[in-house]
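The values are calculated or read from the model by the stated rules, or taken from the named source; none is laboratory data. Please read these numbers as outputs of a predicted model, since none were measured by experiment. Backbone-built Cβ (ideal geometry, glycine too); neighbour counts: all protein chains shown.
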Amino acid sequence: MGSIYLIRHGQASFGADDYDVLSPNGVRQAQVLGDHLAELGIVFDRCLSGDLRRQQDTATGALGQMVAAGLPVPELEIDAAFNEFDADAVIRALLPDMLPQEPEALDILRNAAQNRAEFQRIFALIVERWLDGRYDPPGLESWLGFVERVEAGLQRILELADNSQKIAVFTSGGTITALLHLITQIPARQAFELNWQIVNTSLNHLKFRGSEVALASFNAHAHLQLLKTPDLITFR
């Protein structure tokens, strides 16, 4: 059977003006991941990434370590199907109707780095409304539209793959969640409960034969745990 490794990007710059930049911790996580993959002797036949900077930089950091270890690495391919959903757009679209019930929400979101627990609570409520599908205004990518986009990216991979290939996809937590939903048929809300647990640079392993895909492992991050450095285990 073939293998697809869904790899979440390294820690981004939560609370900064530009989230889509790896933090110094995220850069280190990508390097640790690459060293781990090199130690395992994994040779990828294809490597893909979404077009977000944090995804591509994670790929570059990890693959660079594999090259340094003497392993062959294919050229990184870009497919925007594996981009994260636009969380900022979802928040802007769905937050206003929540403000009567959550009057502090706007201030919490504007100061997310200082209110991490409350940010997560508010964001989870917004995501629940997005998953419901009844609140989406025109022009916002719906949850169903997001799932369809991600599924199309997976199908493109499978159409070109043979059953012996190892393929890496550097992507994001929401994208991994959509694929878990598709492959395991877990309900969307339960899938997002898993989403909140996905560690930066974790490995999520799919096995495939033809068009049949199964989940082999979820959220593996031994490469970070073995360093016994808690700061390297992050979730955003």
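Summary table
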| read-out | value |
| --- | --- |
| Failed item, numbered, when Ala124 is tested on (1) closer than 21 Å to Ala12 by Cα; (2) touching a Lys or Arg at 6+ places or on another chain (Cβ under 7 Å) | (2) |
| Unique residue being under 21 Å from Asp162 (Cβ atoms), small (Gly, Ala, Ser) and in contact (Cβ under 8 Å) with a residue 40 or more places away in the chain when the list is Gly2, Gly50, Gly61, Gly41 | Gly2 |
| Counted residues, the range 106-130 - those being crowded, with 17+ Cβ neighbours inside 10 Å, aliphatic (A, V, I, L, M) and at pLDDT 90 or above | 3 |
| Condition check for Asp86: of a type in the set (Asp, Glu) and either more than 27 Å from Ile126 (Cβ to Cβ) or crowded, with 20+ Cβ neighbours inside 10 Å (or both) | no |
| Residue match in the range 196-212 (condition: aliphatic (A, V, I, L, M) and in contact with a Gly (Cβ under 6 Å, 6 or more places away or on another chain)) | yes |
| Single residue of the range 159-184 satisfying the filter (in contact with a strand residue (DSSP E or B) (Cβ under 7 Å, 6 or more places away or on another chain) and of a type in the set (Val, Ile, Thr)) that is nearest to Leu131 (Cα to Cα) | Ile176 |
| Residue check, Phe208 buried (at least 19 other Cβ atoms within 10 Å of the Cβ), among the aromatic types (Phe, Trp, Tyr) and either more than 27 Å from Glu128 (Cβ to Cβ) or at pLDDT 95 or above (or both) | yes |
